[in-house]
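A quick write-up on the structure given underneath.
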Amino acid sequence: MKLLLRTCLDEDSQQGDGTLTQQAARWIALLLGSPLFAAQCKLAGKAVQDRDSFVQLLDTLDHQGGVASLSTLGRSLNSPPSQLNALIDSAQRILNIDGFTILTRDRITDTIRLDRDLLCQQFDIT
């Protein structure tokens, strides 16, 4: 089963077909459908165009308990470091709102941390 989701991540991009597989958690689907997420995407401009990679990033972090190394993320997304860094930067611009750091990068340990509880609170996801 696939859920059809249109988001700002595929408005200006020909990549993907606008579907989200069951692999993605329910909260990711709710995030992608939230008005605040759409507004954040518009503010970020064309920074994030590959919705599938964005969803895979969130899904991987979720399955890793909210923390994953850059090498783990790179393998999961089959992405070279330069693309992965650009994706993480874009995701931070979208998710880190009102001074709250939902997605953080620890450059010393080369890890990315997702605070899913704070994300759900900030984006009003229940």
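Read-outs throughout are calculated quantities, based only on the coordinates presented, and are distinct from any laboratory measurement. The model shown is predicted, which means the values in this text are computed figures rather than measured ones. Here the Cβ positions follow ideal geometry from the backbone for every residue, glycine too, while neighbour counts run over all protein chains shown.
DSSP loop trypsin sites (Lys or Arg not before Pro) in region 80-122 with at most 11 other Cβ atoms within 10 Å of their Cβ, which ones?
For trypsin sites (Lys or Arg not before Pro) across region 80-122 that sit outside H, G, I, E and B with at most 11 neighbouring Cβ atoms in 10 Å, the list reads 107.
If each residue of separation counts as 0.36 nm, what is the full-extension length gain between residue 62 and residue 105 once their alpha-carbon separation is subtracted? Could the numbers behind the result be given before it?
Working: separation 43, 0.36 × 43 = 15.48 nm, distance 1.53 nm.
Answer, rounded to one decimal: 14.0 nm.
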